[in-house]
Amino acid sequence: MPNDPVHDNEMETLHKLFQDTRPADMGVDVAAIIARAEEADAQSIQSFTHGLSSRKNSIPTSIWSHPMTIRSAALIVAAVLVFALFIFPATLGDKIALAQVKERIDAVRTVQYVETSFAEGTISQSPNSFAVSEPNLAQAIERREQQLKTADDKTKDDLEFELRFMRTLQTEKAELLYVRRVRVKGKQLERTDQLFPLSNYHVVRDAQSGLTVSFHKDRKHKETLTKQVVVKNNGEQKESAVAKISPSVDFFAQFTALPTKNVEQLPSKVINGVNVIGLRTSEKQAGNTWTRTYWVNEQTKLPYEIWSELYRGTQLTQRWVIKDFVYDAPLDDDLFSTETPAGYTSSEGTIYGMESK
Amino acid sequence: MMDQNTLKRIRDGDAKAFEQLVCTYQHEMLCIAARITGQVADAEEIRQLIFVRIWQSPEKLPHPDMFKAWLRRCVVNESISFIRQQRRKREGLLNGDVEDQHDANTMAEKESDAQHLRQALNQLEPEQRAILSLKFDQQMAVRDIGLVLEQPHTTIQSKLERAIKELRSLVSNARRSRDAQRPSPR
């Protein structure tokens, strides 16, 4: 393993340890299985959908993803890496509010927000909740509190920001899957910092060039995505150069593309002292239902919070919250640098996706 | 590896073909599930549940080329789901409860590497256990693990490295603890 401090002899030791401690082979009574299967309620099998065959349903965890195509399948997997593939509804449409929102969004020069995802129900019903299993928020907070004691000024700002946000999550009852801080500049540059779990890397995307680069702090390593491999339904793999995603980063591109129909207008409410208008959409995709609620600041006509929920049948399985929006604040160009930092190694990487049916 | 004909026969309800599938993969499935759940009995139940579902819904079986990865993913997902359900059931209890579930006759086993490994694995995240099992039990390449778990191989590589480091530390601690409890030679 390159850059891996775990030496070969240790790998061998671990390998031997695992082999020596494999559980004994307990035979299976095939007749009993068949009998059990035939007795079972037919409805009990409906959740059996989380193998590779349902992969196209399990990948799009970011709340902004599109219906799957061959191209977008690969790109959605890229989202797992870059934490930046966005989903917006096919429809949104209070006629006046939406037009104003879109107009205001179009005028935005920079935007920052935090995206948080929670698992609801069991993992077998929760798409891609496997990606982050059983994170421990308390430990993540404690780790940052320790780091804060010796942090320089620049790092201190980031740590304090992360701590503030994470502490607000401690009251959540659902299981936290991930927290990502996203900063966008000029509609084409995007930086995503993974805050939880693990906060040891960030990803920079340039929507104009299609460049996607990840920086791993712990390993002092930079990886540039240059190839994509799409695994077809017949098992064949097709390799190609990474496709460009959009002329602008997804946050802007998807808002621009929003249609203006079939939107439910919700009663106004107050969030953190801010008057907001709710616009709710519902969309069915591959047996799943997405509902998305855009809480728009009445005064600025810009999104204040965005909630997204994924249902399988009537079961809520995963939800996302985007909040802490900051619009048009100056963002340093260095944040979006794709240059190799001093002391870093670099390599080219590949992303994998599945062909959609 | 499952061939097209065998899978077709299973779809047609051929019990013999199904038995062939069971015999081919039963131990591997048990091994992965046991590493993740920490309990062979739980692993047996998970394995049986998956076989039951395969027999009930053979039309869901993937292409033969993808079958093995698909099956492994089913085992991993079911095992992690099982752990979550168990954790929710005992929400509010301390982590040490796992030890309380063991009966007295496992005390002697605690001296063994198997017990140290199991204890160490139980302290890792379920996903880490899955990656370690696929790597060291099934001897899979990082790229193949990535395909099974639907994650980029670079992500798997990073997670594997981290899991190994944590496992190494936990196993070492367990051994040191055991050695410290042994009477010193006079």
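(1) in contact with a helix residue (DSSP H, G or I) (Cβ under 8 Å, 6 or more places away or on another chain); (2) closer than 19 Å to B:Asp144 by Cα; (3) within 7 Å of another protein chain (Cβ to nearest Cβ); (4) surrounded by fewer than 24 Cβ atoms within 10 Å (Cβ to Cβ): which one isn't true of B:Pro64, the others all being true? Of (1) in contact with a helix residue (DSSP H, G or I) (Cβ under 8 Å, 6 or more places away or on another chain); (2) closer than 19 Å to B:Asp144 by Cα; (3) within 7 Å of another protein chain (Cβ to nearest Cβ); (4) surrounded by fewer than 24 Cβ atoms within 10 Å (Cβ to Cβ), only one is false for B:Pro64: (3). Considering (1) at pLDDT 75 or above; (2) surrounded by 16 or more Cβ atoms within 10 Å (Cβ to Cβ), the lone condition that A:Glu142 does not fulfil carries the number (2).
Taking the stretch B:140-155, which residues are more than 14 Å from the chain's Cα centre (by Cα), facing chain A (nearest Cβ under 9 Å) and in a helix (DSSP H, G or I)? Within the stretch B:140-155, B:Val142, B:Arg143, B:Gly146, B:Leu147, B:His153, B:Thr154, B:Thr155 qualify. Can you tell me which of A:Thr300, A:Thr317 is in contact (Cβ under 8 Å) with a residue 40 or more places away in the chain and within 14 Å of another protein chain (Cβ to nearest Cβ)? Just one listed residue meets the conditions, A:Thr317.
Scan the stretch A:151-192 for residues that are surrounded by fewer than 21 Cβ atoms within 10 Å (Cβ to Cβ), within 23 Å of A:Thr338 (Cα to Cα) and at pLDDT 75 or above and the total you get is 10.
Could you tell me how many of the residues in the stretch B:121-139 are in a loop (DSSP other than H, G, I, E, B) and either touching a Leu at 6+ places or on another chain (Cβ under 6 Å) or more than 10 Å from chain A (Cβ to nearest Cβ) (or both)?
Of the residues in that region, 1 qualify.
What number of residues in the stretch A:295-319 are more than 18 Å from the chain's Cα centre (by Cα) and of a type outside the set (Val, Ile, Thr)?
11
B:Leu93 - would you say it is closer than 22 Å to B:His27 by Cβ and either modelled with pLDDT under 70 or touching a helix residue (DSSP H, G or I) at 6+ places or on another chain (Cβ under 7 Å) (or both)?
Judged against the criteria, B:Leu93 is not a match.
For (1) modelled with pLDDT of 85 or more; (2) in the same structural domain as B:Gln157 (by TED's automatic domain parsing); (3) of a type in the set (Val, Ile, Thr), each residue gets a yes or a no:
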{"site": "B:Lys68", "(1), (2), (3)": "yes, no, no"}
{"site": "B:Val76", "(1), (2), (3)": "yes, no, yes"}
{"site": "B:Gln86", "(1), (2), (3)": "no, no, no"}
{"site": "B:Lys89", "(1), (2), (3)": "no, no, no"}
{"site": "B:Asp113", "(1), (2), (3)": "no, yes, no"}
{"site": "B:Ala120", "(1), (2), (3)": "no, yes, no"}
{"site": "B:Leu124", "(1), (2), (3)": "yes, yes, no"}
{"site": "B:Arg129", "(1), (2), (3)": "yes, yes, no"}
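Of all residues in the stretch A:14-34, those satisfying the criterion of being at the interface with chain B (Cβ under 7 Å from one of its Cβ atoms), in contact with a Phe, Trp or Tyr (Cβ under 8 Å, 6 or more places away or on another chain) and surrounded by fewer than 18 Cβ atoms within 10 Å (Cβ to Cβ) are A:His15, A:Leu17.
Once the stretch B:13-36 is narrowed to residues that are more than 7 Å from every other protein chain (Cβ to nearest Cβ) and touching a residue at least 40 places away in the same chain (Cβ under 8 Å), the residue that is farthest from B:Gln128 (Cα to Cα) is B:Gly13. Residues that are surrounded by 20 or more Cβ atoms within 10 Å (Cβ to Cβ) and closer than 13 Å to B:Val76 by Cα are absent from the stretch B:161-172. Restricting attention to the stretch A:315-337, does a residue exist that is modelled with pLDDT of 90 or more and at positive phi? Among the residues of the stretch A:315-337, at least one is modelled with pLDDT of 90 or more and at positive phi, which makes the answer yes. Within the stretch B:37-59, one or more residues are within 8 Å of another protein chain (Cβ to nearest Cβ), over 20 Å from B:Arg129 (Cβ atoms) and not in a helix (DSSP H, G or I).
The values are calculated or read from the model by the stated rules, or taken from the named source; none is laboratory data. As the structure is a prediction and not an experimental result, all values here were calculated from the model. All Cβ positions, glycine included, derive from the backbone under ideal geometry; neighbour counts span all protein chains shown.
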